[in-house]
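J.: Okay, handing you the structure first.
The values are calculated or read from the model by the stated rules, or taken from the named source; none is laboratory data. Predicted model only: the values in this text are computed from it and were never measured. Every residue, glycine as well, gets a Cβ built from its backbone with ideal geometry; the counts of neighbours run over all protein chains shown. SASA here: full protein model, heavy atoms, side chains in, ligands and nucleic acids out. Shrake-Rupley method; radii C 1.70, N 1.55, O 1.52, S 1.80 Å.
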Amino acid sequence: MTYKDPWCDALGYDVPAAGWGEPAGPGVPAPAAPSARGERSAAAVHARDVYVEVQRSAAFQEVRGRYRRFVVPGVVVFLAWYVGYVVTATTAPGLMARPVAGAVNVAMVAGLGQFLTTFLFTWAYARHARLRRDRAALELRWDTQEMTREVRGGTS
């Protein structure tokens, strides 16, 4: 029994679109997908060694350390502030309903404070990255590119 697709007939197509899971033709095996662990050239192996060397370098560890010293405390403070807001909102609704000014209550002020601290942490992160990490990371990147270029034997 053959299947007649009304859409193919209406559009003037006599076969389904090629490459949609069908083999290339009868008796033709589907092309094999390239292996994720394909053979590596000597230059690729040496380039990998360059990146491992850079990762173990003191300069890279310093950049990563500066990143961690900012991000870990920032995440802890922000999550504590967020969880504190949620826990307070669920366990002390009377406190959160207390008016501050007119129809504005403590919950609204704390909720807006969540947005404010998000923007504050984003600004602080960008400033910290610009002042403490970007120059060192860029120098490290250039050094890495030079080292891989030397390994591959090119000067482009």
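J.: Quick test of your reading of the structure: W123 fulfils all but one of (1) more than 20 Å from the chain's Cα centre (by Cα); (2) free of Cβ contacts under 8 Å to residues at least 24 places away in the same chain. Name the failing condition by number.
T.: Looking at each condition in turn, W123 falls short on (1).
J.: Pick from G94, G153, G102: which is touching a residue at least 40 places away in the same chain (Cβ under 8 Å) and loosely packed, with under 11 Cβ neighbours inside 10 Å?
T.: From the options G94, G153, G102, the qualifying one is G153.
J.: Something else about it: Please name all residue pairs, on different chains or six or more residues apart, with Cβ atoms under 9 Å, provided the first residue is in region 107-118 and is farther than 18 Å from A92 by Cβ and the second residue is open to solvent by 100 Å² or more (accessible area, probe 1.4 Å) and of a type in the set (F, W, Y).
T.: From residues that are farther than 18 Å from A92 by Cβ, the pairs are T117/Y82.
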